[in-house]
């Protein structure tokens, strides 16, 4: 891979010899540090766009704590200020752009990293990774062939370095120059027996205990959330890790003399110190995109390679990253400090109805509530919907777009969900009342698309061994590609996108758990779930919502919200939503749920985001022998051509609805041709 030489001025930036001078004429990126600039994929030409280059480095920011654009950043007024009264911080960035920006499509798409990991290329290009370099890393090259400039930067300051993850440097809040401490709650669940365990996960740097003495800390254990917690005697545990058959003191790990029991819930409450100003992650995303979209150069004269080349900007994020987008819009950060729109469109993918701990004191950004794990982290919190709603339990009123409307332009938003988000991430709360009794309308700038039968992630390590059933392998990435095209046309041309497609209470396609259990087919050896995620109202104290400070640690648990799940047909496949050919012309039942296996504890509880699939019997004899109520494959499709014709028709119908692209229709038909059950007559 050929490197592009940089001039002496840029080399000075690389060496870190910065002149920190605020420039009021552009966004809050003060200086751009270039670490590497290379031709991408050996100069491969992506269609009419041509070759791409990759620019990596670090963005240096300053924000004014007194500016109204920053008034939602928790503890910003407690961060150290420079001689100009501004708060400094930095973030890694990674940028893929056409070598000739004028050959691009005039669009920038910002990928929100997931715990430091760059997932966007894999979502749209069928391939990707944290260090995209080769043509293989470009997969099918969809984003490049479309001509997008692609940007990533850090946003969560708790990401540990390594593995090409994006990291950032955040200031520490101080109270009158003194160290701030606070009580913290950490849940620990292991899937296999271990002697010690960190009380964080996801490559996250959790706040350590202020002392190795556990005198003011407590550790409890329970088999599940419905059972009372039992305190573990202090002489049976300590802050430390078991390493090479000896105990090493460590303020970020818990050592348990009797070992951790798989699937049991351990809860640690301790005192931490030195909270990062985590909400600056919102400012980092806002100001990074604003710089590359609007600025001509940084304060050193480094020319923005995208100057005058970007007309529209979009943001995409998966799971945690999607929740970040939801929260970013909710907090009103889509308007920069000059009053300009940052993003014209947003795609929070598989985020459920959640936001996150992204703007609080002692924030734990990697945590999120689910049916079995981390129930006491306030991520699925009111308000949920894009139109005004009221919670009759608390009297709260609001909607997710209120601040965005007040501050400036509201982006067009596509929420995309799979079956897993309805089971484990309470996705129904985006479009119903909090009791789950009535459907609510959507804001005109919002669409929701439910991809029936799909699971949270398409690939990657998800510890499938701890679950009872085979994983759901439905590939829903073709839908994302088609929807990105639709979002762009909505923004840039005013073309209305495909109508929202999701289950509703009114037509019976969105139901409660007992109703689901009553209609799911009695598939042999398959246990229907007796639980689903019903997030609870959590009270961390009034200051949590105004100052980001939790006074109740852990929070006080209130009544659950009324989350619902998609109804299914006689095969057990979801009726509503976008039914890909694998669901419309099925060979199996695809679910958004899977159950934990007994060997790993938590038996009968739900996985966090893994689905399952159950193949149909092939012949009528197999069906009869198994007692399976679902028609056999050969009963449904007497010949292979019958099957292929139905797949082709289903794919074309989705294309006509603008939910598949022509290239993916062809790929789906090609994949279907590999099915071969008809020699088993």
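Just to check your reading of the model, which residue among 333, 282, 292 is within 20 Å of residue 114 (Cβ to Cβ), in the same structural domain as residue 76 (by TED's automatic domain parsing) and crowded, with 21+ Cβ neighbours inside 10 Å?
None of the others qualify; the one that does is 282.
In segment 299-330, what count of residues is obtained for those that are crowded, with 19+ Cβ neighbours inside 10 Å and modelled with pLDDT of 95 or more?
Of the residues in segment 299-330, 22 are crowded, with 19+ Cβ neighbours inside 10 Å and modelled with pLDDT of 95 or more.
Give, as residue ranges, the strands (runs of 3 or more DSSP E) completely inside segment 134-200 that count at least 1 residues that are closer than 28 Å to residue 376 by Cβ.
The qualifying strands (runs of 3 or more DSSP E) are 181-188, 194-198.
Taking residue 454, is it under 18 Å from the mean Cα position of the chain (by Cα), in a loop (DSSP other than H, G, I, E, B) and buried (at least 24 other Cβ atoms within 10 Å of the Cβ)?
It is true that residue 454 is under 18 Å from the mean Cα position of the chain (by Cα), in a loop (DSSP other than H, G, I, E, B) and buried (at least 24 other Cβ atoms within 10 Å of the Cβ).
May I ask you to list the residues in segment 566-602 that are free of Cβ contacts under 8 Å to residues at least 12 places away in the same chain and closer than 20 Å to residue 628 by Cα?
Within segment 566-602, 569 is the sole residue that qualifies.
Given the condition closer than 30 Å to residue 265 by Cβ and in a loop (DSSP other than H, G, I, E, B), answer yes or no: does some residue in segment 645-664 qualify?
For segment 645-664, residues closer than 30 Å to residue 265 by Cβ and in a loop (DSSP other than H, G, I, E, B): absent.
Please indicate, with yes or no, whether at least one residue in segment 417-432 is surrounded by fewer than 22 Cβ atoms within 10 Å (Cβ to Cβ) and touching a strand residue (DSSP E or B) at 6+ places or on another chain (Cβ under 9 Å).
no
Across segment 173-191, what is the number of residues that are farther than 24 Å from residue 117 by Cα and under 26 Å from the mean Cα position of the chain (by Cα)?
Matching residues across segment 173-191 total 2.
Quick check: anything in segment 390-398 crowded, with 24+ Cβ neighbours inside 10 Å and either out of contact with any strand residue (DSSP E or B) (no Cβ under 9 Å at 6 or more places or on another chain) or touching a residue at least 40 places away in the same chain (Cβ under 8 Å) (or both)?
no
Here are some residues: 72, 81, 127. Which one is touching a helix residue (DSSP H, G or I) at 6+ places or on another chain (Cβ under 7 Å), surrounded by fewer than 21 Cβ atoms within 10 Å (Cβ to Cβ) and either assigned by TED's automatic domain parsing to the domain that holds residue 160 or in a strand (DSSP E or B) (or both)?
Going through 72, 81, 127 in turn, just one is touching a helix residue (DSSP H, G or I) at 6+ places or on another chain (Cβ under 7 Å), surrounded by fewer than 21 Cβ atoms within 10 Å (Cβ to Cβ) and either assigned by TED's automatic domain parsing to the domain that holds residue 160 or in a strand (DSSP E or B) (or both): 127.
Name the residues in segment 508-527 that are in a loop (DSSP other than H, G, I, E, B) and in contact (Cβ under 8 Å) with a residue 12 or more places away in the chain, would you?
508, 509, 512, 520, 521, 522, 523, 524, 526, 527
Among the residues of segment 401-443, count how many are over 30 Å from residue 473 (Cα atoms) and in a loop (DSSP other than H, G, I, E, B).
The number of residues fulfilling the criteria is 14.
Any chance segment 561-582 includes a residue that's in a helix (DSSP H, G or I), in the same structural domain as residue 451 (by TED's automatic domain parsing) and either within 26 Å of residue 368 (Cβ to Cβ) or modelled with pLDDT of 95 or more (or both)?
yes
The values are calculated or read from the model by the stated rules, or taken from the named source; none is laboratory data. The model shown is predicted, which means the values in this text are computed figures rather than measured ones. Neighbour counts are summed over all protein chains in view; Cβ atoms, including those assigned to glycine, are modelled from backbone coordinates with ideal geometry.
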